[in-house]
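The next block holds one structure in the form of structure tokens; read it before the comments.
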Amino acid sequence: MKKQSRRVVDDYLPKWLSSEILSAVGYIFEINKEEDLALSLKRIQNVHEKIGSDKMKYVMALLCLDKVCEMVQDSKEFAKYQAKKDRTVH
């Protein structure tokens, strides 16, 4: 049986969720940045050389997503949204 060269799931997802980008995120993320910052930076450089700047912006955005979610949860706007969400309408 011939191996597929391209994943079928990539046809149905936005380009920033392609298997190539998610694999790059996983490769970089598996290193604990606090323990080995040098290795994390080396992996980021390796990925950037392989996939280029256009795709690398999505990789970096996904790596920062945790921090962005924390910042959103600490915002006044999110607190207002939570207060509105808890109300029920009958």
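The values are calculated or read from the model by the stated rules, or taken from the named source; none is laboratory data. Please read these numbers as outputs of a predicted model, since none were measured by experiment. Positions of Cβ are generated from backbone atoms using ideal geometry, with glycine treated the same way; all protein chains shown enter the neighbour counts.
Remarks
- If you go through the range 36-51 and pick out every residue that is more than 16 Å from the chain's Cα centre (by Cα) and either surrounded by 12 or more Cβ atoms within 10 Å (Cβ to Cβ) or modelled with pLDDT of 95 or more (or both), you end up with 8.
- Whenever a residue of the range 1-24 is closer than 24 Å to residue 48 by Cβ and assigned to a loop (DSSP other than H, G, I, E, B), its partners that are of a type outside the set (Ser, Thr, Tyr) and modelled with pLDDT under 85, lying with C-beta atoms within less than 6 angstrom and at least six residues away or across chains, give the pairs 18/10.
- Qualifying residue in the range 52-64 (condition: surrounded by 13 or more Cβ atoms within 10 Å (Cβ to Cβ) and of a type in the set (Gly, Ala, Ser)): yes
- Filter pass, residue 11 being at pLDDT below 90 and surrounded by 10 or more Cβ atoms within 10 Å (Cβ to Cβ): no
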